[in-house]
Amino acid sequence: MTCRYLSRIGRTASADGVPDIVVGILRGGMIPAVQLAHLLGIRTVRAVELTRTIADGMNAAKTPRPVVANPGSLGDLSGQDVLIVDDIAGSGLTMLACGAWSRRPGRPACARRR
């Protein structure tokens, strides 16, 4: 990912204020999540394992809906402003599922998706 592209995403993501926490969707979302956290000066980066594929190979079969493999990995996000980052948005189902999951009771006050 180029610095120019990341800078543009960072400006958009922080237009309403800098988030408290960046969450990367494992595996591909972690690299841009860490890069955005550095760019925005955010120290807290967490990961969530949420997947739609059954295996890691190219053209792997997909599950009907995204699955959260380790929901406890995020810890307590209560009242936090969270930026959710992934590397690829095909159908958008993974990002929508993560956003919906993170807004459950006891979850963040705000969940942004980029």
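To keep it simple, each residue is scored yes or no on (1) more than 11 Å from residue 85 (Cβ to Cβ); (2) in contact (Cβ under 8 Å) with a residue 40 or more places away in the chain.
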position: 7; (1), (2): yes, no
position: 11; (1), (2): yes, no
position: 14; (1), (2): yes, no
position: 23; (1), (2): no, yes
position: 31; (1), (2): no, yes
position: 37; (1), (2): no, no
position: 43; (1), (2): yes, no
position: 48; (1), (2): no, yes
position: 51; (1), (2): yes, yes
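This table checks each residue for (1) more than 12 Å from the chain's Cα centre (by Cα); (2) among the charged types (D, E, K, R); (3) in a helix (DSSP H, G or I).
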{"residue": "7", "(1), (2), (3)": "yes, no, yes"}
{"residue": "11", "(1), (2), (3)": "yes, yes, yes"}
{"residue": "16", "(1), (2), (3)": "yes, yes, no"}
{"residue": "23", "(1), (2), (3)": "no, no, no"}
{"residue": "34", "(1), (2), (3)": "no, no, yes"}
{"residue": "37", "(1), (2), (3)": "no, no, yes"}
{"residue": "49", "(1), (2), (3)": "no, yes, no"}
{"residue": "52", "(1), (2), (3)": "yes, yes, no"}
{"residue": "55", "(1), (2), (3)": "yes, no, no"}
At pLDDT 80 or above and surrounded by fewer than 12 Cβ atoms within 10 Å (Cβ to Cβ) - does that describe any residue in the stretch 18-40?
no
So the check is Cβ under 6 Å with 6+ separation or different chains; which pairs have a first residue in the stretch 63-81 that's modelled with pLDDT of 75 or more and a second one that's assigned to a loop (DSSP other than H, G, I, E, B)?
77/107; 77/108; 78/106; 79/109; 80/20; 80/108; 81/19; 81/20
Look at the stretch 61-92 and say how many of its residues are in contact with a helix residue (DSSP H, G or I) (Cβ under 9 Å, 6 or more places away or on another chain), under 17 Å from residue 30 (Cα atoms) and not in a strand (DSSP E or B).
6
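The values are calculated or read from the model by the stated rules, or taken from the named source; none is laboratory data. It should be emphasised that the depicted structure is a prediction, and the values quoted were computed from it without experimental measurement. Backbone-built Cβ (ideal geometry, glycine too); neighbour counts: all protein chains shown.
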